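Taking it in order: structure first as structure tokens, then the write-up.
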Amino acid sequence: MKHISIAGVFAATLCLFAACDKEKDYDAPLEGKTYTGFTELSMTYNESPMSGKSVTFTPPSGAPATFKVDSRFDLSQLSESLKGIPPIQAPGPLPGTPELTFTANLYTAPDHYTFSGSGETEYVTYSYDGTVNKDKMSLNFTGVKLKDLTFANKVFAPAPAVKNANGIGYSQLPFHIVWESDVPVQIPGLTDGVEDLMKLFVTLPMIPAYNGTAEMSLVQVIENAIKTIGLRDDGCIPVTYLQTADGSAQFTMTPMCFLQYVPTSAGSLRLFVNPTDLLTLVLLNNTNCDPNIPENPFGAHAAKAAADNTDANAQLKEIAMEIAVSSLVKLAPMLATGIPVTVAPTSNGVAMYIGSEAMLPLMKELMTSILSNQKLKTLLMQTIMGNPQLVQMLPQLQKVMQMLPEFIAASTRIELGLNLVPYK
């Protein structure tokens, strides 16, 4: 029995020395490096994956290691026409902080170093932990919480469309639309000119659905496609939406870190959009699927059964992508610092909209680009001619199109967004 005990102690001692030798094999200085992409960097935010970020690591030299976390987005991923444009700065790892720098001590482990700590920014408090070796890094932000909980822990849904009692027009829409100009545009039957015209377009059934046998309005698409919009206490805005891909449709949630926010006052916030997640969602919702199911929540399947409409749909899809890319390019400077959003109470919920500060310069440039697009003008005319309600207004609409450049140049107030009600 005594010999067995001595043998056991000797074996355990050998294992201990072996373990120490193994640990020392990885106890080597690291060089400075930028970790990015899915193969080099794994990052989470309160246990949810976070994409599109980079970490520049500076090894310790008589002091803790330095970590600089930021994000850059290559616009050429959206369009070949954007090749050669330098990557733009995108939202940082924590909402409201485009670039986060912290220092931490490194501790040896079998095949990597570990690090951990905590901190705070202007908007959030947080902790972090991670691992790093010469090939890979993991970084986990935990316990992230907004300092200002004004909008936190609320869940909304798009406000339903409600017609006026006389059946003409709407007293409520899921869209918040305000457009004022020093140059008035009078349209018979429309009190507020272009503003009412925009509301008319979002409520007219013009989007092909159900294999081309029916059409939906943009209002109907929003009401059917978006189920909930939540504002969490960690700054994330998860959206539950109808995902359609590979021949099936189901309600699912956007990536947790796709949309984030920070309150800036009792009636405003800044919205951060992760362009990497946006690109992923666009690709995910544009796979081949059943023609009866809209390709994504904001459009209909391009492959209508009717052959005579196929080219028009393809052109419309191409133009829509051009406009979306153009919008993102114009909004690019605000990606890192956040898009200013007003939060205004309504009779039964809130209106969240981008106000004149951001919309005036964007819409003036964007509408000028749209109005010069001959393909879009042709398709718009085809849409008008195919809609009995719009055909009756054709002379007035043609006059409006001629006046639009002057109207847009003289615009003084633009508000575009969503009307939301508490989710029940």
Worksheet item: Summing +1 for each Lys or Arg and -1 for each Asp or Glu, what net charge is found among the other residues whose Cβ lies under 11 Å from the Cβ of THR142?
Response: -2
Item to complete: Decide, for segment 92-205, between rounded, prolate and oblate: order the square roots of the alpha carbon gyration tensor eigenvalues as a ≥ b ≥ c, take rounded if a/c falls under 1.5, and otherwise choose prolate if a/b is larger than b/c, else oblate.
Response: prolate
Worksheet, complete the sentence: segment 337-407 -> Rg/Rh from Cα coords, Kirkwood Rh, value 1.11
Worksheet item: Rounded if a/c is under 1.5, else prolate if a/b is larger than b/c, else oblate: which is segment 30-166, with a ≥ b ≥ c the root eigenvalues of its Cα gyration tensor?
Response: oblate
Worksheet item: Can you give the relative contact order of segment 328-382 as a percent, counting alpha carbon pairs under 8 Å and 6+ residues apart?
Response: 23
Discussion item. For ARG72, what accessible surface area do you get with a 1.4 Å probe? Give it in Å², rounded to 10.
Written reply: 130
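Hand me the chymotrypsin sites (Phe, Trp or Tyr not before Pro) from segment 110-185 located in a DSSP loop with no more than 10 other Cβ atoms within 10 Å, in residue order please.
Sites meeting the loop and neighbour criteria: none at all.
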Discussion item. What does the charge count around THR56 come to, taking other residues whose C-beta lies under 14 Å from its C-beta (Lys +1, Arg +1, Asp -1, Glu -1)?
Written reply: 0
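Note the full-extension length gain between GLN389 and THR228 as 0.36 nm times their separation in residues minus their Cα-Cα distance, in nm to one decimal.
54.7 nm
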Item to complete: Would you kindly give the portion of the calculated P(r) for segment 104-155 that falls above 16 Å, as a percent of all Cα pairs?
Response: 53
Worksheet item: Remind me, relative contact order of segment 34-87 in percent, using alpha carbon pairs under 8 angstrom and six or more residues apart?
Response: 24
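The values are calculated or read from the model by the stated rules, or taken from the named source; none is laboratory data. Predicted model, so just to flag it, every value in this text is computed and none were measured. FYI the Cβ positions are ideal-geometry reconstructions off the backbone, even for glycines, and counts take in every protein chain you see. Accessible surface areas use protein heavy atoms only, side chains included; no ligands, DNA or RNA. Shrake-Rupley method; radii C 1.70, N 1.55, O 1.52, S 1.80 Å.
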